[in-house]
């Protein structure tokens, strides 16, 4: 078992509170898909935190008198929401009882 696999197992155990036996039941491709899904969900959570801050920033800028009449949106500061790479990850996450982001699930 290489270092990357050990890190993945520890990560799954911490995030999902799964035992080593539960993790061992996963096929290698399922293991990778679950890791991808967790990474995606963390990106969504980070985006949502940043979006709230960007929304405040846009609101303040839009209420501040300026020479230009540009109207700002939160997306001007945070960009677009991340997109899932694989639908398999979503299906596997649902099968395994993972909570999926609201807009995705």
field: Condition met for residue 71 (at pLDDT 90 or above, touching a helix residue (DSSP H, G or I) at 6+ places or on another chain (Cβ under 8 Å) and loosely packed, with under 12 Cβ neighbours inside 10 Å)
entry: yes
- line: Only unsatisfied item for residue 70, checking (1) without any contact (Cβ under 8 Å) to a residue 12 or more places away in the chain; (2) part of a helix (DSSP H, G or I), is (2)
field: segment 73-86 residues that are within 20 Å of residue 57 (Cβ to Cβ), paired with ones that are in a loop (DSSP other than H, G, I, E, B) (beta carbon under 7 Å, 6 or more apart)
entry: none
statement: Checked pairs for segment 17-36, first without any contact (Cβ under 8 Å) to a residue 24 or more places away in the chain and at negative phi, second surrounded by 10 or more Cβ atoms within 10 Å (Cβ to Cβ) and part of a helix (DSSP H, G or I), C-beta under 6 Å and 6 or more apart or across chains, list as 18/12; 23/9; 23/12
- prompt: In segment 1-23, how many residues are out of contact with any helix residue (DSSP H, G or I) (no Cβ under 9 Å at 6 or more places or on another chain) and part of a helix (DSSP H, G or I)?
  reply: 7
message: Given the criteria within 29 Å of residue 91 (Cα to Cα) and surrounded by fewer than 12 Cβ atoms within 10 Å (Cβ to Cβ), does residue 45 qualify?
response: yes
message: Being surrounded by 11 or more Cβ atoms within 10 Å (Cβ to Cβ) and modelled with pLDDT of 80 or more is the filter here; which residues of segment 1-17 pass it?
response: 7, 8, 9, 10, 11, 12, 13, 15, 16
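The values are calculated or read from the model by the stated rules, or taken from the named source; none is laboratory data. On a predicted model such as this, the values are computed, not experimentally measured, just so you know. Positions of Cβ are generated from backbone atoms using ideal geometry, with glycine treated the same way; all protein chains shown enter the neighbour counts.
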